Amino acid sequence: MDPTAISRWLETVMSAPNVDGALLIEASSGICLGAAGKATEDDATFLTVASRSALDTDGVGAVAYKDSRVLLRKGEAGVLVAVFIGM
């Protein structure tokens, strides 16, 4: 994945209202591809495991984590998106 594209995506997401953090995660391995704001590289493993039970059949879900609601979306390319929304 292009590091510049990841950085631009993270900047765009972080500029949205009420967003406290964002992560891009390689879903099968749990490796963090990029993190911003409240989200850290260390959160990738936890959210990968949590996504296994939190995602619906469309690959969308949410979990409570770090005083935030974390919205999850797994794409067809195997990338898990996690967006932290303040509670």
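The values are calculated or read from the model by the stated rules, or taken from the named source; none is laboratory data. Remember, predicted model here, so these are calculated numbers, not experimental data. Positions of Cβ are generated from backbone atoms using ideal geometry, with glycine treated the same way; all protein chains shown enter the neighbour counts. Just the protein is used for accessible areas: all its heavy atoms, side chains included, with ligands, DNA and RNA removed. Shrake-Rupley method; radii C 1.70, N 1.55, O 1.52, S 1.80 Å.
Here are some notes:
- Checking the stated criteria, Val83 turns out to be in a strand (DSSP E or B) and of a type outside the set (Lys, Arg).
- Selected residue (criterion: nearest to the chain's Cα centre (by Cα)) from residues of the range 47-66 that are within 15 Å of Asp20 (Cβ to Cβ) and not aromatic (Phe, Trp, Tyr): Leu47
- Residues of the range 10-24 satisfying the condition of being open to solvent by 80 Å² or more (accessible area, probe 1.4 Å) and of a type outside the set (Val, Ile, Thr): Glu11, Ser15, Pro17, Asn18
- Qualifying residue in the range 12-34 (condition: in contact with a Ser or Thr (Cβ under 8 Å, 6 or more places away or on another chain) and among the β-branched types (Val, Ile, Thr)): yes
- From the options Ala27, Ala50, Ala82, Ala64, residue that is open to solvent by less than 50 Å² (accessible area, probe 1.4 Å), out of contact with any Lys or Arg (no Cβ under 9 Å at 6 or more places or on another chain) and in contact (Cβ under 8 Å) with a residue 12 or more places away in the chain: Ala50
- Looking only at residues in the range 67-79 that are open to solvent by 40 Å² or more (accessible area, probe 1.4 Å) and modelled with pLDDT under 95, the one that is nearest to Asn18 (Cα to Cα) is Asp67.
- Ala44 in a strand (DSSP E or B) and within 12 Å of the chain's Cα centre (by Cα): no
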